[in-house]
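Q: Let me begin by handing over the structure; questions about it come next.
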Amino acid sequence: MGSVLKGLTKIFNPLAMPIASAGFVPIWGVIRHTGRKSGRQFATPIALMHTRDGFVIPLPWGEKTDWCRNVRAAGGAVVRWGGKDYAVSAPEVIDRATAGPAFFAPIRALLPMIGISRFLRVRRVDAATRAA
């Protein structure tokens, strides 16, 4: 499964990147993160929902994906959404019940059907600063 997933990712990511970066699709964005081992910069297209203070990102392949592990290890990243960049911090893996309110009812109803039970919540740095 891992090699199949990596193969699909190598095909999908380059195709999705321009659309996700431009902000044409409101549920797509790009997360820019630093490799926890290599120190290299990476950009990964993601699905996400905007919240009052950040973003909730579904983890269809779980929390062990490289990009998720990198964001958690670094304590943050940059999310490009709606054509703008947002510095984010405080990455936290949450369950479907906690993430649910971030999603519109039809999408929320689909999440269990497609097997997504884990999400990464990140807070916008500017929102965290205002709250302090």
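Computed from the coordinates by the stated procedures, all read-outs in this text should not be read as laboratory data. Because the structure is predicted, anything quoted here is derived from the model rather than measured. As a convention, Cβ positions derive from the backbone with ideal geometry for all residues, glycine included, and neighbour counts pool all protein chains shown.
Q: Can you sort PHE103, PHE119 so the residue with the fewest Cβ neighbours within 10 Å comes first?
A: Final ranking by Cβ density, sparse to dense: PHE103, PHE119.
Q: Next question, about the same structure. For THR51, list long-range residues whose amide hydrogen, built 1.01 Å from N in the peptide plane, is under 5 Å from its own amide hydrogen.
A: VAL56
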